[in-house]
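Chemist: Once you've had a glance at the structure underneath, I'll fire off some questions.
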Amino acid sequence: MEKKEKITRLTVGPAPHLKSSLTIEKMMWWTAAALLLPSAGGVYFFGMKALLLIVSCSAAALLFDAAGQYLRGLRVQLTDGSAAVTGILVALILPPSFPVWAAVLGTAFSILIVKHVFGGLGKNIFNPALMGRAFLTAAFPVLITTYSINCRTLPGYDAKMSGAGTEAVTGATPLSGIKFENAVYSGDSHLNFFLGQKKGSTGETSGILILAGFIILLANKVIDWRLSASYFMAIFGFSGALWLTDPVANVDPFLYMTLGGILLGGVFMVTDPVTTPVTGRGKWIFGIGAGILTVVIRNFSGYPEGVMFSIILMNSVTPLINRMTRPRIYGT
């Protein structure tokens with residue numbers, strides 16, 4: 001009687017064959033953890049109104065994400081953390097005095113339109129949080145540009161200028177002041193602005209907390225350093241060249257980097273793995289392009305901030321960048 005030979009079948013799946021312990025869930029929750037730092041800064045400087053904005057946008061994002069999945073006939077699951085990250089980011093890029101109902105509306109646009117209409121997690125073309133703010137900028141141009149001076153300040157800051165002891169004092173941000181009012185800031189402004197002693201959106205004021213979150217993301221390999229590095233280098237170099245050309249009309253690049261949403265955008269927006277190129281060269285092109293556009297919009301347009309529009313514009317050409325920078329096929 002012949003002995004039957006055991007046949008072992010080898011199943012090979014489609015490429016890429018990658019093994020990593022870093023899952024989508026881990027990436028999102030690490031991002032959410034890193035966002036807690038600038039969120040805490042927003043609450044420290046702006047008080048309970050900032051906390052209410054963050055909690056409301058986060059809860060709304062989870063609710064609308066569940067609704068989007070249900071309407072698409074999918075099994076509702078909210079454990080991947082993507083909706084929570086979007087909700088937190090929407091809150092952090094809005095003024096702390098922004099009405100909660102309007103912020104919830106922007107969050108609904110981010111989740112239902114920008115995310116689910118394009119196919120859900122991993123298929124959106126544009127950064128959902130930035131598109132949410134772009135929608136709110138078009139819908140509520142006055143509300144989106146009304147900022148409150150920090151109700152709480154660090155030691156050594158001018159209480160009269162900060163509005164300490166009051167619930168809210170509105171006024172122009174340093175970025176708007178430089179562009180529209182020819183404001184001049186002293187040498188101490190570099191450190192003050194970096195620590196968070198300035199008006200601005202809820203999560204963009206404290207550069208030191210944003211960079212601490214950046215370290216967390218890098219340490220856990222959640223983001224690619226090339227995107228942030230190219231973005232910051234392009235902005236620093238371009239703004240520095242403008243400053244050297246005309247030091248009176250332009251601020252020095254060190255102060256320039258602390259203004260507006262450059263740090264927050266460079267750490268949490270430019271590094272979005274879904275809406276940015278997948279190739280190494282493509283990442284450099286994307287970051288440099290976004291950085292140059294940021295300075296161009298800030299300095300040569302009627303809009304004081306260019307972070308949001310620059311990243312959205314580069315999101316739109318990401319497929320083209322991927323196509324142009326495809327690695328050469330081995331053997332050809």
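Laboratory data are not the source of any read-out in this text; all were calculated from the coordinates shown. As the structure is a computational prediction, the values presented were derived from the model and not from experiment. So basically every Cβ, Gly included, is an ideal-geometry build from the backbone, and we count neighbours across all protein chains shown.
Chemist: Let me understand region 176-326 better: what is its radius of gyration from the alpha carbons, and its Dmax, in angstrom?
Modeler: Expressed in Å, the Cα Rg and Dmax of region 176-326 come to 15.3, 47.
Chemist: Along Cα→Cβ, 7 Å out, is where each label goes; now give me the distance between the ones at Tyr330 and Gln77 in nm to one decimal.
Modeler: With each label point 7 Å from Cα toward Cβ, the separation is 3.3 nm.
Chemist: Also: Work out Dmax and Rg for region 33-86 from the C-alpha atoms and quote the Rg first, both in angstrom.
Modeler: 13.4, 42
Chemist: Moving on. Taking 0.36 nm per residue of separation and subtracting the Cα-Cα distance, what length does fully extending Tyr303 through Asn220 add?
Modeler: This chain segment gains 26.3 nm when fully extended.
Chemist: Which order results if Ser56, Ser206 are arranged by neighbouring Cβ count within 10 Å, fewest first?
Modeler: Starting with the residue having the fewest Cβ neighbours, the order is Ser56, Ser206.
Chemist: If I take R0 = 25 Å and measure r between the Cβ atoms of Ala229 and Leu36 in this structure, what FRET efficiency does the formula 1/(1 + (r/R0)^6) give, to the nearest 0.05?
Modeler: The computed FRET efficiency comes out at 0.55.
Chemist: Stokes-Einstein diffusion coefficient for region 216-256 at 10 °C in a medium of 1.306 mPa s, Rh from the Kirkwood formula over Cα pairs: what value in µm²/s?
Modeler: 138 µm²/s
Chemist: Turning to a different aspect of this structure: What list of ³J(HN,Hα) values in whole Hz, one per residue of region 84-96 in order, does the Karplus curve 6.51 cos²θ - 1.76 cosθ + 1.60 (θ = phi - 60°) give from phi, with Gly and Pro shown as x?
Modeler: Here the 3J(HN,Hα) series is 4, 4, 4, x, 5, 5, 4, 5, 6, 9, 10, x, x Hz.
Chemist: Checking a compactness column here: for region 11-131, what do you get for Rg(Cα) / (2.2 N^0.38 Å), N being the number of residues?
Modeler: My calculation over the Cα atoms of region 11-131 gives 1.15.
Chemist: Using amide H atoms built in the peptide plane, which far-off residues or other-chain residues are under 5 Å from Tyr147 H to H?
Modeler: The answer is Gly171.
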